[in-house]
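Chemist: Here you go, one structure.
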Amino acid sequence: MVNCSVVPILLILIVVDCDDCDDRELARLQIGIKKRADNCKIRSRKGDTLNVHYVGMLEDGTEFDNSRFRNKPFIFTLGMGQVIKGWDQGLLNMCEGEQRRLAIPSDLAYGSFGSSPKIPSDASLKFDIELLKIEREGDL
């Protein structure tokens, strides 16, 4: 005869109700390294002035901007709100010569406003970015 015993299993289900939450708030910035720098002597930090070339794309790969077509790098100060939040976060600790791909959710890009006419509202974006030069206050 087989002896069987029943072991009660307690299952707890926790449900979180969040009427104001949506899937976009759960999206996160993704940072990919396309090319590492050969010799990294300095890493970018808040307050640095960065010289970059970039290609901006919609999630489906449609290109909406490319700094190389202007033959002039884009220059901005990191961490000061001069660019979208995804750039301020995604370009930290980057080396000169490094290339990254950023996948930026809409809430860290242009959000519900978009950037007419090329970037629709609530668009997640991709950027291929090459850091050409870091300028730091106090460096000669």
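Yes or no, residue by residue, for (1) hydrophobic (A, V, I, L, M, F, W, C); (2) assigned to a loop (DSSP other than H, G, I, E, B):
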{"position": "31", "(1), (2)": "yes, no"}
{"position": "47", "(1), (2)": "no, yes"}
{"position": "68", "(1), (2)": "no, no"}
{"position": "81", "(1), (2)": "no, yes"}
{"position": "89", "(1), (2)": "no, no"}
{"position": "93", "(1), (2)": "no, yes"}
{"position": "100", "(1), (2)": "no, no"}
{"position": "103", "(1), (2)": "yes, no"}
{"position": "121", "(1), (2)": "no, yes"}
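Chemist: Determine if region 16-33 includes at least one residue that is at pLDDT below 95 and among the β-branched types (Val, Ile, Thr).
Modeler: yes
Chemist: Among the residues of region 30-44, write down those that are surrounded by 12 or more Cβ atoms within 10 Å (Cβ to Cβ) and either on the phi > 0 side of the Ramachandran plot or more than 14 Å from the chain's Cα centre (by Cα) (or both).
Modeler: 37, 40, 42, 43, 44
The values are calculated or read from the model by the stated rules, or taken from the named source; none is laboratory data. If you're wondering where the values come from, they're calculated on a predicted model, not measured in any experiment. Counting neighbours? That spans all protein chains shown, and the Cβs are built from the backbone with ideal geometry, glycine included.
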